[in-house]
Amino acid sequence: MQPRPLQNIPQNSAGLGAGIWINLSHKHRMKHLILLLSALVLASPTALHAADIELSETVQLPECHSLGWVSANVQAKDTKSWDGVLDEARWGTPSPQQVVGRNWDWKISDAQWAEVVKQKGEGKSEDVKFEFWLPDGVDVAKGIVVMSGHGSGESLFRRADMRALAKELHLALFKFVGNPMQRGFWPRSLLFERLQAFATKTGHSELAHAPLFLYGHSNGTGFSAVFPSYVPERVWGWVSMRPGITFQVYQPGAAQVPGLVIFGEDDPFLVRPSKEENLSVVPALRKKHAAFWNFAVEPKTGHGPGDKTWPLVFSFLRHTFAARVPADADARKSPVKLNPLSLENGHLGQNWDPTEGGYQTLPTAPFASFAKDKATASWLINGAYAADWQAFQRDGALGKPQ
């Protein structure tokens, strides 16, 4: 599997391409060369050097890497508790206590996966496109926001507010899209190999070891929730936006990685197999595994996020980054050791009530003084994020950043 060459035509702020071929006569080429040199002379030194780094790469990968293939061929089937069909068109009716049985906590080793691939073959290959962005002025990336391009991840990568936040926090953005990876993939080394490739190409060695923040929309949750369950030490936080199926979310191995799940109240996937089962997954992980997780329900919205949704995602990203990534972290030297968290140092929020629906004023409080059920309440990383979470559930929007 040989990757295609990285495509990179960096632009400086004067709008001048780094590599330009003009298919004109010799006389005209000389004229354009003179004009180009004149522009370079007149451009300020800052303009000549200020440039975002934006690269792309396309790799052919076989279908055996996709989480769907792994689900069908590798994972052990829990036939006793399963009474449904795992697809997006038809679902079974949930039975009591099935939230634990209907999950993707597979505990598969890379060796097991490789053995099944050897037996059954790799399957057909398809393109996977990787895109990378690093803002100008960032000498060392402090972390990487990694997005599955499935659904809204494609537009999130290019949002101006996402890029402004990345520049402020000195973060790189990385996105992939293609069936072998976008809904989740095996093994985890696929992502690390590509980050190493971009580290080599850009000269930013820290990309190979920088801490990660993960985003997945719909079945992109098969990436954002499953990946940190196997390498929690590399991930400072993750988001599942409108999960296509919450079986993907049930990941005890990721319990100590801060997670945010955002549902849309009118999302047809929220009622498949049932609203009650889907909304019980985060409380179940909170109770059984003391997970650092929270969920929110956005009223009057469907399967896609809107402009009012993103501020909560950005608040969660900002506050988890500040809490978990050491200020002096430098991934050029070695993998960054993330700061540990304590449940007692966080805040708690009462979960959204599906019987009431709509916008709700949900009580929040520091862990010690929270009066409701501490075991199942949403865990909120600090008071500032708790205020944003509460405003989002009450008003459907955030106020000024705190």
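Some observations on this one:
- Taken as a whole, the condition of being more than 23 Å from P62 (Cβ to Cβ) and surrounded by fewer than 18 Cβ atoms within 10 Å (Cβ to Cβ) applies to A164.
- The lone exception for L341 - which of (1) surrounded by 15 or more Cβ atoms within 10 Å (Cβ to Cβ); (2) not in a loop (DSSP other than H, G, I, E, B); (3) not polar (S, T, N, Q) it fails: (2)
- In the stretch 378-400, the residues that are over 18 Å from G259 (Cα atoms) reach residues that are part of a strand (DSSP E or B) and not hydrophobic (A, V, I, L, M, F, W, C) with C-beta atoms within less than 8 angstrom, at least six apart or across chains, in these pairs: G396/E298.
- In the set (1) of a type in the set (D, E, K, R); (2) at pLDDT 95 or above; (3) surrounded by 21 or more Cβ atoms within 10 Å (Cβ to Cβ), K129 fails one condition alone, (3).
- Qualifying positions in the stretch 305-343 - over 24 Å from V231 (Cα atoms) and out of contact with any Ser or Thr (no Cβ under 6 Å at 6 or more places or on another chain): G306, D307, K308, T309, W310, P311, L312
- Cβ-Cβ distances below 8 Å connect the following pairs, each with a first residue in the stretch 297-325 that is assigned to a strand (DSSP E or B), a second residue that is among the aromatic types (F, W, Y), and a separation of six or more residues or different chains: V297/F263; V297/W352; E298/F263; E298/F392.
- Candidates in the stretch 192-218 are the residues that are within 14 Å of M147 (Cβ to Cβ) and in a helix (DSSP H, G or I); of these, the one that is nearest to the chain's Cα centre (by Cα) is S218.
- Flag for R324 being farther than 27 Å from A210 by Cα, of a type in the set (D, E, K, R) and buried (at least 20 other Cβ atoms within 10 Å of the Cβ): no
- Which listed residue, of V231, V313, V281, is crowded, with 17+ Cβ neighbours inside 10 Å and within 18 Å of the chain's Cα centre (by Cα): V313
- Restricting attention to the stretch 52-72 and to residues that are at pLDDT below 90 and surrounded by 15 or more Cβ atoms within 10 Å (Cβ to Cβ), the residue that is farthest from T200 (Cα to Cα) turns out to be S71.
- Odd one out for T200, checked against (1) among the hydroxyl-bearing types (S, T, Y); (2) in contact (Cβ under 8 Å) with a residue 40 or more places away in the chain; (3) surrounded by fewer than 18 Cβ atoms within 10 Å (Cβ to Cβ): (2)
- Flag for V257 being assigned to a loop (DSSP other than H, G, I, E, B), modelled with pLDDT of 95 or more and touching a strand residue (DSSP E or B) at 6+ places or on another chain (Cβ under 7 Å): yes
- Within the stretch 367-384, the presence of at least one residue that is out of contact with any Pro (no Cβ under 7 Å at 6 or more places or on another chain), farther than 15 Å from N294 by Cβ, in a helix (DSSP H, G or I) and not basic (K, R) is confirmed.
- Given (1) assigned to a helix (DSSP H, G or I); (2) at pLDDT 95 or above, number of the condition A284 does not satisfy: (2)
- Residue identified as more than 26 Å from A141 (Cα to Cα), in contact with a Lys or Arg (Cβ under 7 Å, 6 or more places away or on another chain) and at pLDDT below 95 among A375, A397, A329: A397
- Pairs, first of a type in the set (K, R) in the stretch 146-161, second buried (at least 16 other Cβ atoms within 10 Å of the Cβ), C-beta under 8 Å, six or more apart: R159/W310
- Residue match in the stretch 301-308 (condition: acidic (D, E) and over 19 Å from T355 (Cα atoms)): yes
- Complete set of residues in the stretch 162-190 that are basic (K, R) and in contact (Cβ under 8 Å) with a residue 40 or more places away in the chain: K175, R183, R188
The values are calculated or read from the model by the stated rules, or taken from the named source; none is laboratory data. Predicted, not measured: the structure shown is a model, and the values here were computed from it. So basically every Cβ, Gly included, is an ideal-geometry build from the backbone, and we count neighbours across all protein chains shown.
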